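The values are calculated or read from the model by the stated rules, or taken from the named source; none is laboratory data. Bear in mind that the values here come from a model prediction, so they are computed numbers and not experimental data. Cβ: placed from backbone, ideal geometry, glycine included. Neighbour counts: every protein chain shown.
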Amino acid sequence: MRDASLRGTAADWPLAAHAQPPARSRKALSHEKALSYEIDRESDLVASGLGIAVVWKPSRGEVMKIVVVGGTGLIGSRVVEKLKQKGHEAIAATPNTGVNTITGEGLKEAMAGAQVVIDLANSPSFEDKAVLEFFQTSGRNLLAAEAAAGVRHHVALSIVGIDRSDNGYFRAKVAQEKLIEASGIPHTIIRSTQFLEFLGAIAASSSDGKVVRISPGLFQPIAADDVAAIVADVALAAPRNGIIEIAGPERAPFNEIVARYLKAVGDPREVVSDHEARYFGGRVEERSLVPLGEARVGRIGLDEWLRRSRAAA
């Protein structure tokens with residue numbers, strides 16, 4: 001069940017007001033009075049046989065230690081900044097800061113006292129076998145360290161459409177998600193559409209001389225600033241124990257968005273609509289790369305992102 005919960009405090013729901021939390025949760029709530037709990041309707045989590053589950057939720061004003069794996073990258077650096085602005089202790093965990101999710105180095109120390117972990121780590125190689133090994137090894141090591149430290153919320157950034165497109169990187173992200181779901185750690189998986197910041201690289205990878213061949217399938221790219229803002233918000237909320245999807249405010253054919261981008265940056269290459277064009281080796285159907293249902297939508301469209309990019313240059 002991905003997102004069929006009734007969210008609110010016990011007082012918000014008549015049934016919940018009379019339900020007693022399970023013994024373990026009552027102890028946690030009495031020990032940490034600042035914590036509140038939310039009511040979820042989950043078939044596999046029940047309290048008093050009523051289908052009520054108790055979920056940890058940070059209280060307003062609570063200062064948390066939040067470990068951001070990959071916290072110096074495109075999204076991670078922005079997330080760390082936003083969390084610090086909100087008064088939290090945000091730790092950028094990367095090999096350069098002494099935390100390595102592949103070797104396990106520094107994980108125990110980084111997790112000590114952490115309430116939330118945000119996994120934004122990315123593979124240095126996109127080769128099918130290497131990327132799968134990276135996400136499986138990194139995921140197992142990180143989740144084991146979180147379980148040992150009693151981390152209360154695991155947040156991971158994934159990709160919209162990974163279960164609808166056949167390429168090695170997407171298959172590796174599916175494997176990562178399965179590890180999270182099987183870990184038993186309260187979690188939220190955020191599936192994002194592609195980033196506006198990657199349009200240049202997408203055009204480069206699809207170039208054939210002076211021609212750029214791009215699928216006409218729908219595309220809804222999102223700005224890194226919007227991604228970071230949503231990731232930070234999710235990290236400060238209660239675990240969803242499921243998947244949410246996020247996307248940019250504009251949806252249009254993939255080839256049209258790339259053509260707009262190239263024209264805006266003065267790139268003379270011609271963009272050709274090609275139904276057979278692949279995206280990182282995978283075939284692109286009409287809706288392969290966009291949310292099929294409800295999604296949280298960012299605020300920054302292509303034109304605004306271009307304006308900001310020029311201003312920052």
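The set of residues in the range 275-293 that are modelled with pLDDT of 95 or more and closer than 17 Å to Thr188 by Cβ contains only Pro291.
Considering only residues in the range 288-313 that are surrounded by fewer than 15 Cβ atoms within 10 Å (Cβ to Cβ) and basic (Lys, Arg), the one that is nearest to Phe219 (Cα to Cα) turns out to be Arg299. Residues in the range 144-159 that are buried (at least 23 other Cβ atoms within 10 Å of the Cβ) and in a helix (DSSP H, G or I): Ala145, Glu146. Scanning the range 228-246 for residues that are of a type in the set (D, E, K, R) and surrounded by fewer than 20 Cβ atoms within 10 Å (Cβ to Cβ) gives a single hit, Asp233.
None of Gly61, Gly71 is under 23 Å from Gly150 (Cβ atoms), modelled with pLDDT of 95 or more and assigned to a loop (DSSP other than H, G, I, E, B) except Gly71. Put simply, of Gly281, Gly266 the only residue that is surrounded by fewer than 16 Cβ atoms within 10 Å (Cβ to Cβ), without any contact (Cβ under 8 Å) to a residue 40 or more places away in the chain, among the small types (Gly, Ala, Ser) and over 19 Å from Leu74 (Cα atoms) is Gly266. Evaluate the following for Ser138: is it of a type in the set (Gly, Ala, Ser), assigned to a helix (DSSP H, G or I) and either touching a residue at least 24 places away in the same chain (Cβ under 8 Å) or touching a Gly at 6+ places or on another chain (Cβ under 7 Å) (or both)? For Ser138, the condition - of a type in the set (Gly, Ala, Ser), assigned to a helix (DSSP H, G or I) and either touching a residue at least 24 places away in the same chain (Cβ under 8 Å) or touching a Gly at 6+ places or on another chain (Cβ under 7 Å) (or both) - is met. Among all positions in the range 125-132, there is no residue which is within 20 Å of the chain's Cα centre (by Cα), within 23 Å of Glu81 (Cα to Cα) and either in a loop (DSSP other than H, G, I, E, B) or assigned by TED's automatic domain parsing to the domain that holds Glu177 (or both). Looking across the range 97-124, just one residue is of a type in the set (A, V, I, L, M, F, W, C), surrounded by fewer than 16 Cβ atoms within 10 Å (Cβ to Cβ) and under 20 Å from the mean Cα position of the chain (by Cα), and that is Ile102. Out of Ala238, Ala311, Ala229, one residue alone is more than 14 Å from the chain's Cα centre (by Cα), assigned to a helix (DSSP H, G or I) and not acidic (Asp, Glu). It is Ala311. Counting the residues of the range 247-257 that are buried (at least 22 other Cβ atoms within 10 Å of the Cβ) and either touching a helix residue (DSSP H, G or I) at 6+ places or on another chain (Cβ under 8 Å) or assigned to a strand (DSSP E or B) (or both) gives 3.
Yes/no per residue for (1) in a helix (DSSP H, G or I); (2) within 29 Å of Ile230 (Cα to Cα); (3) not assigned by TED's automatic domain parsing to the domain that holds Ala232:
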position: Arg260; (1), (2), (3): yes, yes, yes
position: Lys263; (1), (2), (3): yes, no, yes
position: Gly266; (1), (2), (3): no, no, yes
position: Val271; (1), (2), (3): no, no, yes
position: Arg287; (1), (2), (3): no, yes, yes
position: Val290; (1), (2), (3): no, yes, yes
position: Glu294; (1), (2), (3): no, yes, yes
